[in-house]
Amino acid sequence: MSKVAENLKTVLADLPSGVRLVAVSKFHPVEMLREAYDAGQRIFGESHVQELQQKVEQMPKDVEWHFIGHLQTNKVKYIAPYISLIHAVDSVKLLREINKQAERYGRVIDVLLELHIAEEETKYGFSPEECRQFLTGGEWKELSHVRIRGLMMMATYTDDQAQIRGEMQVAANLFDEMKQTCFADEPSFSERSWGMSHDYRIAIETGATLVRVGTTIFGERQY
Ligand SMILES: *Cc1c(COP(=O)(O)O)cnc(C)c1O
């Protein structure tokens, strides 16, 4: 078995049913993605549009591509024809652009709203209060070519497990609140995307349904 296949198996063994793995393959060569594919993995996460485009051409058609990085509005058009899920929608402007491009291609694109809960300045996303206001405001209901499937976040990069758990719990609580107040009749609002290589076990404990794992499967990235 290849190293990638072995690592994949180890991670999958940690995931309870109902938690799906996004294999984060950014900066890794397509050969490694193929090893994961041959071992049965179908969901891959990328965070750069150009790199994603190249990999899409080289990989089998039944791969489910997730865009997990910060997405610039002017690049939405390139991925709109095929992307399965956009994880990190961090502004209303971006959501509107995804809606517009999805309409052009006759699609409804699944998205997650990214929350900014971590301490780091650099992380994008809606604060819990901004997210609450946007969803209760209801404008999104008019955007008929996007479907908000849930919430996404990245915890602070730290060894402090209690802090990571606390941040993920804030996201989990907000998900529950939004589910009740805005999506009670929408079973499709069901996804909680948090957890990376170093914290996906905590993510599972705090209700993640999608974990985004790169390094543990593919090794260190070569930038
Ligand atoms: C790169 C990346 C990951 C994967 O990180 P690892 O530590 O390699 O598992 C997960 N989520 C996002 C948004 C990323 O950019």
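The values are calculated or read from the model by the stated rules, or taken from the named source; none is laboratory data. Treat the numbers as computed from the prediction; the structure is a model and nothing was measured. Note: ideal-geometry Cβ built from the backbone for every residue, glycine included; neighbour counts use all protein chains shown.
Looking across the range 39-53, the residues that are closer than 18 Å to V111 by Cα and within 13 Å of the ligand (Cβ to nearest atom) come down to I43, F44, G45, E46, S47, H48, L52. The single condition among (1) within 16 Å of the ligand (Cβ to nearest atom); (2) touching a Ser or Thr at 6+ places or on another chain (Cβ under 7 Å) that E97 does not meet is (1).
Okay, residues lined up against (1) within 21 Å of G214 (Cα to Cα); (2) surrounded by fewer than 16 Cβ atoms within 10 Å (Cβ to Cβ); (3) at pLDDT below 95:
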site	(1), (2), (3)
E114	yes, no, no
T122	yes, yes, yes
Q169	no, yes, no
L174	no, no, no
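Going residue by residue through the range 194-205, is there one that turns out to be away from the ligand (no atom under 16 Å from the Cβ), touching a residue at least 12 places away in the same chain (Cβ under 8 Å) and touching a strand residue (DSSP E or B) at 6+ places or on another chain (Cβ under 6 Å)? No, there is no match, as no residue in the range 194-205 is away from the ligand (no atom under 16 Å from the Cβ), touching a residue at least 12 places away in the same chain (Cβ under 8 Å) and touching a strand residue (DSSP E or B) at 6+ places or on another chain (Cβ under 6 Å). Would you check if S144 is among the small types (G, A, S), at negative phi and within 17 Å of the chain's Cα centre (by Cα)? No, not satisfied. Close Cβ contacts (under 8 Å, 6 or more residues apart or on different chains) running from residues in the range 142-161 that are β-branched (V, I, T) to residues that are more than 16 Å from the ligand (Cβ to nearest atom) and part of a loop (DSSP other than H, G, I, E, B) comprise V146/V108; I148/F183; I148/F189; T156/E119. When only residues in the range 206-223 that are small (G, A, S) and within 16 Å of the ligand (Cβ to nearest atom) count, which is surrounded by the most Cβ atoms within 10 Å (Cβ to Cβ)? Of everything passing the filter in the range 206-223, A208 is surrounded by the most Cβ atoms within 10 Å (Cβ to Cβ). Would you say R34 is away from the ligand (no atom under 16 Å from the Cβ) and out of contact with any Gly (no Cβ under 9 Å at 6 or more places or on another chain)? Answer is yes for this residue.
With respect to the conditions (1) of a type in the set (F, W, Y); (2) away from the ligand (no atom under 16 Å from the Cβ); (3) over 23 Å from L15 (Cβ atoms), F175 lacks only one, and its number is (3). Show the residue pairs meeting these rules: Cβ distance below 9 Å; 6+ apart or different chains; first residue within the range 76-88 and closer than 11 Å to Q101 by Cα; second residue small (G, A, S) and surrounded by fewer than 23 Cβ atoms within 10 Å (Cβ to Cβ). No pair meets every condition.
Close Cβ contacts (under 6 Å, 6 or more residues apart or on different chains) running from residues in the range 26-51 that are at positive phi to residues that are part of a helix (DSSP H, G or I) and within 12 Å of the ligand (Cβ to nearest atom) are absent.
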